[in-house]
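Scroll down for the structure; my scribbles are underneath it.
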Amino acid sequence: MANTDATFLERMARVVGAAHVLTTASEVAPYTVDWRGRYHGSACAVVRPASTAEVAAVVTLCAGARVPIVPQGGNTGMCGAATPDESGREVVLSLGRLRSIRGVDQANATITVEAGVTLAEVQQAAADAELLFPLSLASEGSCTIGGNLSTNAGGTAVLRYGNTRDLVLGVEVVLADGRVLDALRGLRKDNTGYDLKQLFIGSEGTLGIVTAAVLKLFALPRTRVTALAATPTVGNAVEFLRVTKRALGDRVVGFELISGPALRLSRKHHPTLPDPLPDHDWYVLLQVDDSAADSPLAAQVEDAFAQAIQTGTVVDATIAQSQEQADRLWALRENISEAQRRDGPNIKHDISLPISAIPVFVDECGSALLTAFPDSRLVVFGHLGDGNLHFNVGAPAGVAAETFLGNTAAVNRIVHDRVVAAGGSISAEHGIGQLKRDELVHYKAPLEIELMRRIKATLDPAALLNPGKVL
């Protein structure tokens, strides 16, 4: 590669324009470190195509020169999937210039967008058409649709609408040899063989590069209720979820569990946020939507709270009286990850469990961690409505965070052994990337790993697409 760098990069420049082939250290640096600052790599160039045709041409050049490719969207991932390795051989393929919203079909309730469009922009385009794109993440202002599909992003509305893969009807994908798979169909029924798009959703750019997608849209909510409740235990929170779903049905969009330490950490680093229910052990953040403008939703939520308080399932609650108040309640939840980042490194777990197993898991896993690592700080929060917890472990007071990270393997074993024993998953919504690659092999059934490797070898025989990620 060293003897052909100049020619190779010149060919790249002819495809995307010289201004979009970045090679200097200062230009490349932002693309070679992940959002958390955990992974640092190197790249021979960052290439920024502006169309699917340009992506295909770049991939074709890389395939011919045997140059590995690291696809990258908004670079907001949590597991290092979009960070190159340290060899300096890889090209980072940034999709941020694929910015077109190709169309909104109101009658079909779909939107077709390119990979570099941010999630917030898709939400706004849907709203402009008086429709809803329900995927919602804390990073929605900077994460991109390509990245969302790459990791099968989850977020706060999975309980009602499902993960990203449930919101995708069609995809356009550049394959490892540069050919373009055009499966941009907006069909809800299509039983013509294998559903190929599902191979690429959640594959973290290891099987193909998604350049566009057809996404489902839904009726825009006309009535929304957001509330924060304090609950004595995780078991009480699970019971409140059951009661709420029975009373309100599929209008329950978000049901978030927040531990007292997690909420206090969020406020520590964002002191202007509200503290309406101070000094409780556990909280639930609830969002309920209805597409009817004259819905009696608020009264129904109040009734659900009154019954829950009467039974002791909930001990206190507050209901937002305006959208501003609702946004500030959600900010308490959405700023936890940022607060943890500011507070220092910690050992993160993005896990999923059967909802019924969560109370026992939280108690037993927390006790095991505190026995093994006394005074560790547990920051637990997540999407209780779909069984997804962020079960994070911080260093004890007085212990340097970097020193505590040396216990990562032991902490992971305590957490992940109990997750798998309870029938759960070690990755709920953040993917595998580099962070969990070894854990995947440790816990995944050998036959599943074998089949995954076969699929990889079929679609990317030269192993040039995001090497070292997932497998």
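We did not get these values from a lab; they are worked out from the coordinates using the rules stated. Quick caveat: nothing in here was measured; it's all calculated off a predicted structure. Positions of Cβ are backbone-derived with ideal geometry, glycine not excepted, and every protein chain shown enters the neighbour counts.
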Label-to-label distance, nm, for residues given as A462 and R341 (7 Å Cα→Cβ offset)
3.5 nm
Which ordering of I455, I319 is given by a fewest-first count of other beta-carbon atoms within 10 Å?
I455, I319
Which net charge results when you count Lys and Arg as +1 and Asp and Glu as -1 among the other residues whose beta-carbon is under 13 Å from that of T233?
-3
Along the chain, longest interval not containing exposed GluC sites (Glu not before Pro), exposed being DSSP loop plus at most 13 other Cβ atoms within 10 Å
131-471
The extension gain from V315 to D281, computed as 0.36 nm times the residue separation minus the Cα-Cα distance, is 11.1 nm
Quick one: which of K197/K436; K268/K348; K189/K436; K197/K469; K348/K444; K189/K348 span more than 28 angstrom between C-alpha atoms?
K189/K436; K189/K348
Suppose every K and R has +1 on its Cβ and every D and E has -1 on its Cβ; what is the size of the dipole of the stretch 5-94 about the Cα centre, in Debye to the nearest 20?
100 debye
With label points set 7 Å from each Cα along the Cα-to-Cβ direction at A18 and S356, the distance between them in nm comes to 6.7 nm
Any chance you could check the Cα centroid distance between the stretch 193-246 and the stretch 370-421 for me, in angstrom?
24 Å
Report the convex hull volume per residue for the stretch 413-471, counting only C-alpha atoms, in Å³.
87 Å³
Going by amide H atoms built from the backbone, whose H comes under 5 Å of the H on S427, apart from near neighbours?
S352
Cross-link reach list, aspartates and glutamates versus K245, counting only Cα pairs under 20 Å and skipping chain neighbours closer than eight places:
E256, D289, D290, E302, D303, D316, D386
